[in-house]
Amino acid sequence: MKPLISLLVTHRKYALFALITLLIFMGLVVMAWPYRPYTFKGMVMQSAQLAPNFTLTSAQTGQPISLTDFRGKIVLLYFGYTYCPDVCPTTLADVTQTLKLLGQSKEQVQLLLITVDPERDTPPVLADYLTHFDPSFIGLVPQNPNETLTVATQYGIFYQKHEYGSKTGGYLMDHTATLTLIDPAGYIRVIYPFGSTANDIAADLSYVLGRWSAPF
């Protein structure tokens, strides 16, 4: 009988020890949870790269605008055009929804759209087009086609004219459809492929706004 009682006491001791160990482990997990590494939703730059500066003309004001004018804000940089049938309006609609999700924090985010079709995207056309998405969006046009090519090349953006009607002169612009997140310090942090959701982008923006001044 005594060996059985001793065995039960020993078993209870081990069970109690295991329970205490488990509770301590769970407590450590809960304490460490806020400090876990953040996982970005887009394609993360392995090493922070300073975004190349550029100066183009605002479609809204006709004044020159440089990327460095927006230091202290997140810049979402996009290359597109107003005659784009699907990809561009979808991306801009997603960014519009992203800003709504951010609430008041959206004031710290600036969308810049650089046209890859300056032939048709005159300043009035581009400015009017963007008002259908969000009045804060800024359209940028070049003084000459070489300006667009230079900036696009710096950001790894490809584009070319695709003729589809020789008689009508109609054409589309094939172009890279990524959205680039530039943090408030001017570094490229994340590149979003087409199809990234507003919820995912908003989550990343919220994180950057809260942590941009600290090391990533």
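Residues that are in contact with a Pro (Cβ under 7 Å, 6 or more places away or on another chain): which strands (runs of 3 or more DSSP E) entirely in the range 51-103 hold 2 or more of them? Steps first, answer last, please.
Numbers: elements: 55-58, 64-66, 74-80.
Passing ranges, in order: 55-58.
Hey, any hits in the range 68-81 for a residue that's within 23 Å of Met45 (Cα to Cα) and polar (S, T, N, Q)?
Yes.
Does Tyr164 meet the test of being assigned by TED's automatic domain parsing to the domain that holds Asp69 and modelled with pLDDT under 95? Outline the logic, then answer.
Details: assigned by TED's automatic domain parsing to the domain that holds Asp69: yes; modelled with pLDDT under 95: yes.
So Tyr164 passes the test.
Being among the charged types (D, E, K, R), modelled with pLDDT under 85 and either touching a Lys or Arg at 6+ places or on another chain (Cβ under 6 Å) or farther than 30 Å from Lys161 by Cβ (or both): is that true of Arg12 here? I'd like the intermediate steps shown before the answer.
Details: among the charged types (D, E, K, R): yes; modelled with pLDDT under 85: yes; either touching a Lys or Arg at 6+ places or on another chain (Cβ under 6 Å) or farther than 30 Å from Lys161 by Cβ (or both): yes.
When the stated conditions are applied, Arg12 passes them.
Taking Gly80 as the residue in question, decide whether it is in the same structural domain as Gln154 (by TED's automatic domain parsing), surrounded by fewer than 17 Cβ atoms within 10 Å (Cβ to Cβ) and in contact (Cβ under 8 Å) with a residue 60 or more places away in the chain.
Values: in the same structural domain as Gln154 (by TED's automatic domain parsing): yes; surrounded by fewer than 17 Cβ atoms within 10 Å (Cβ to Cβ): no; in contact (Cβ under 8 Å) with a residue 60 or more places away in the chain: yes.
Spelling it out, it is not the case that Gly80 is in the same structural domain as Gln154 (by TED's automatic domain parsing), surrounded by fewer than 17 Cβ atoms within 10 Å (Cβ to Cβ) and in contact (Cβ under 8 Å) with a residue 60 or more places away in the chain.
Tell me which residues, restricted to the range 144-161, are touching a Pro at 6+ places or on another chain (Cβ under 8 Å) and modelled with pLDDT of 90 or more.
Start the filter on the range 144-161 by keeping residues that are touching a Pro at 6+ places or on another chain (Cβ under 8 Å), which leaves 145, 148, 151, 154-155.
Scanning the range 144-161 gives Thr148, Val151, Gln154, Tyr155.
Among the candidates Val109, Val87, which residue alone is assigned by TED's automatic domain parsing to the domain that holds Val190 and under 14 Å from Ile182 (Cβ atoms)?
On the way: Val87 fails: under 14 Å from Ile182 (Cβ atoms).
One residue alone meets the criteria, Val109.
Any chance the range 105-114 includes a residue that's part of a loop (DSSP other than H, G, I, E, B), touching a strand residue (DSSP E or B) at 6+ places or on another chain (Cβ under 7 Å) and of a type in the set (Val, Ile, Thr)?
Applying the first criterion (part of a loop (DSSP other than H, G, I, E, B)) to the range 105-114 yields none.
Within the range 105-114, not a single residue is part of a loop (DSSP other than H, G, I, E, B), touching a strand residue (DSSP E or B) at 6+ places or on another chain (Cβ under 7 Å) and of a type in the set (Val, Ile, Thr).
Condition (residue is surrounded by fewer than 18 Cβ atoms within 10 Å (Cβ to Cβ), of a type outside the set (Val, Ile, Thr) and part of a strand (DSSP E or B)) applied to the range 118-127: is it met by at least one residue?
No.
The values are calculated or read from the model by the stated rules, or taken from the named source; none is laboratory data. Since the model is a prediction, treat every value here as computed from it, not as a measurement. We place every Cβ from the backbone using ideal geometry, glycine too, and count neighbours over all the protein chains shown.
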